[in-house]
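The values are calculated or read from the model by the stated rules, or taken from the named source; none is laboratory data. These numbers come from a predicted model, not from an experiment. FYI the Cβ positions are ideal-geometry reconstructions off the backbone, even for glycines, and counts take in every protein chain you see. In case anyone asks, the SASA skips ligands and DNA or RNA and just uses the protein heavy atoms, side chains included. Shrake-Rupley method; radii C 1.70, N 1.55, O 1.52, S 1.80 Å.
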Amino acid sequence: MLPIVTYPDKRLKLVSKEVTAFDAALHSFLDDMFETMINTNGIGLAAIQVDRPVNVLIICLPNDDEEGTQEKANLLEIINPKITHQEGTTVYQEGCLSVPKFYEDVERFETIALTYQDRHGKACTLEADGLLSIAIQHEIDHLLGKLFIEKLSYGRRKKFEKEYKRMQKEQKSKKS
Ligand code: QAP
Ligand code: CO
């Protein structure tokens, strides 16, 4: 388990760097990211959220049944992504492991196409829509140092800051 960096930590604002070494260290980091994401009930995680500003993100959507199991067979490991096409708009209530317990509607492109590399450095392409497209866009924003709360309207952002500060105060008083 790796510790998650949470808002308002400034490290979340860093722009991540390209990955050039597709070696055993990268593979064990990807495995640690997966374990961390599953243990924290996440469906997507960017490396910067575990304090590594490199262009790596993982996504594992739950099965579309009652259990909603996340199978490693469905894990997507996306390295050095580049969006090559984007089209349409869609709105979804997003959350983020780095902004715990807060969910708000965000507008994204409906369909995207991208190129990326897998854990071995192999060039891949992917077309995505639905939840996968939203998750990829959310995680690519992390690589650019952006959080979903930055996409909220002025009023909703103010409401978020107020609620989040109150929550942090409550957490602090519980600890001490
Ligand atoms: C990004 O988000 C995402 O607040 C991944 O208490 C967002 O995994 C992909 C989570 C929207 C698709 C649609 C958030 C877990 C997980 C929390 C996550 C929390 C526990 C968020
Ligand atoms: Co996030």
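What to note about this one:
- Qualifying residue in the stretch 96-108 (condition: more than 13 Å from ligand 2 (Cβ to nearest atom), in contact with a strand residue (DSSP E or B) (Cβ under 7 Å, 6 or more places away or on another chain) and not in a strand (DSSP E or B)): no
- Subset tally (residues that are aromatic (Phe, Trp, Tyr) and either under 17 Å from the mean Cα position of the chain (by Cα) or surrounded by 20 or more Cβ atoms within 10 Å (Cβ to Cβ) (or both)) for the stretch 12-29: 1
- Selection from the stretch 101-127 of residues that are within 11 Å of ligand 1 (Cβ to nearest atom) and in contact with a helix residue (DSSP H, G or I) (Cβ under 8 Å, 6 or more places away or on another chain): Lys101, Phe102, Glu104, Val106, Arg108
- Of note, Leu132 does not satisfy the criterion of being within 14 Å of ligand 2 (Cβ to nearest atom), in contact (Cβ under 8 Å) with a residue 24 or more places away in the chain and open to solvent by less than 60 Å² (accessible area, probe 1.4 Å).
- Residue that is farthest from Leu147 (Cα to Cα) [pool: residues in the stretch 30-60 that are open to solvent by less than 10 Å² (accessible area, probe 1.4 Å) and part of a helix (DSSP H, G or I)]: Leu30
- For Gly145, the criteria (1) in a helix (DSSP H, G or I); (2) within 18 Å of the chain's Cα centre (by Cα) hold in every case but one, which is (1).
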